[in-house]
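The values are calculated or read from the model by the stated rules, or taken from the named source; none is laboratory data. None of the values given here were measured: they were computed from a predicted structure. Neighbour counts are summed over all protein chains in view; Cβ atoms, including those assigned to glycine, are modelled from backbone coordinates with ideal geometry.
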Amino acid sequence: MALAPLLFAALAVLSGGEPEDPPDTVLLVGGKELQGVVLRETSSTLALRFERRDLEIPIEEVRTWSGPRRSRRDYLPRLHAAFRRPPDAGLDRKLAAWCTANGLLRDARVHWWRALLADPRSAAAHRALGHRPQGEEWLLPVEGRGWRSFEEARALHREENRPWGIPSAHFRVRGSGELEDLLAASAELELLYAAYYDRYQLGAGFPELLAPIAVEIHASADSFPRLSGTVDAYYSPATATVHSYFFGGRASQLLHEAMHAIQDRGARQMLRGDPSMPGWLVEGLACYMAASFDDAPGAPRFEAGRPDRMLMRAHAEAVRPASLGRVLRYESGDFAASTRQHEKYGQAYSLVHFLQHGGRPELEAAFLQILAASHLRRSTAQADERLLAGDDAPAFGAAWRAHAAALAED
Ligand SMILES: [Zn+2]
């Protein structure tokens, strides 16, 4: 086992300067070993991407499996704990080494960078990040500016909008501004991914993402290219990129937009084509997941269903809220239109919340069913309405609004 770190280091393939995580290894009962990416594990099967095919292996045929997707279960509490404290050269170095030993080569870099923040002269961190020694100093590459000292590099990133590149297992964050803020954004994204998969993967059946999601964060609102007057941060499905900017050290709407990316990429991977998800589910779930996290930078705590009171109020206080049928028919574009925009978000959000926390297990099951179907282009408004409200849409509407009203106030 002592060889593992070396082996992983040798397996690392550099793509654009970023390491790639090694495959998982599945050992079958018959003794055969398969290497690929574990996409999903349920009580009955293990799904594996193996040489471009997706295998569903009955769980009784699997003796054991190991690799980076397994190590994540042990990694996530460590990631959370690390970002609840300031950078610490010793602790961050230790965690980076742990990541490397467990095949989490991309995540390891986050912790090497933190070790460097605590101790800018750390030779171990510089070496691990591919920096060059020069005399007493270490130099690092800055896009378009050659090799610079750590301090110079930080100044260039801050003042000239030169992006840092921070890879993690599921994201490829590029952004200008303070390195601390970028690292915190990267950690928040991985915690979001983990919370979403923890909560919904088994019920809705979506696979581990095979390609990291691109995230571009500008240093400030001034340098941020806006799509139109009403759009803040956004996710572009065409380029599979989340675009945001820093405001007071936090990336604007990061978790909300990253949720769009995670869903879109997951559905594309399953369909091998363009998804078409109901607008209410896309927006409602993004609001729901973002609201479920508290505000701690880098290490927000997830509590499913933590209410967004402002959005609940938007539904509870709407003079004429839209009917269930209307909300189920909203398309994503409807949310960009400025007419009653806040109410639309409020109702999409309160619906997603009500289905899961309204105290009716049959609605929670229906929600998972709709979420699963939406990833396969099999969700229709008509069927969803029937599933949720039966033949009494007014009664459903009243209970749903009462739920929003109850959570609108502290
Ligand atoms: Zn959105």
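Let me confirm something: among L202, L210, which residue is out of contact with any helix residue (DSSP H, G or I) (no Cβ under 8 Å at 6 or more places or on another chain) and closer than 26 Å to I370 by Cβ? I'd like the intermediate steps shown before the answer.
Values: L210 fails: out of contact with any helix residue (DSSP H, G or I) (no Cβ under 8 Å at 6 or more places or on another chain).
Going through L202, L210 in turn, the sole match is L202.
Which number in (1) closer than 19 Å to L191 by Cβ; (2) part of a helix (DSSP H, G or I); (3) at pLDDT 95 or above marks the one condition that G266 misses?
Only one criterion is unmet by G266, namely (3).
What pairs come up if the first residue lies in region 169-195 and is over 12 Å from V110 (Cβ atoms), the second is modelled with pLDDT under 95 and among the small types (G, A, S), and their beta carbons are under 6 Å apart, counting only those six or more places apart or on different chains?
R174/G165; S176/A219; G177/A219; D181/G249
Consider region 275-299. How many of its residues are in contact (Cβ under 8 Å) with a residue 24 or more places away in the chain, over 14 Å from the mean Cα position of the chain (by Cα) and not in a helix (DSSP H, G or I)?
Within region 275-299, residues that are in contact (Cβ under 8 Å) with a residue 24 or more places away in the chain, over 14 Å from the mean Cα position of the chain (by Cα) and not in a helix (DSSP H, G or I) number 6.
Looking at this structure, is A337 crowded, with 21+ Cβ neighbours inside 10 Å and either within 16 Å of the ligand (Cβ to nearest atom) or outside the structural domain of A402 (by TED's automatic domain parsing) (or both)?
Details: crowded, with 21+ Cβ neighbours inside 10 Å: no; either within 16 Å of the ligand (Cβ to nearest atom) or outside the structural domain of A402 (by TED's automatic domain parsing) (or both): yes.
Answer is no for this residue.
Which strands (runs of 3 or more DSSP E) does region 59-146 wholly contain that include 1 or more residues that are touching a helix residue (DSSP H, G or I) at 6+ places or on another chain (Cβ under 9 Å)? Break it down into steps so the answer makes sense when it comes.
Working: elements: 62-66, 132-134, 137-142.
Filter on region 59-146 gives 132-134, 137-142.
Taking the condition of being of a type in the set (G, A, S), without any contact (Cβ under 8 Å) to a residue 40 or more places away in the chain and surrounded by 12 or more Cβ atoms within 10 Å (Cβ to Cβ), how many residues in region 33-66 meet it?
1
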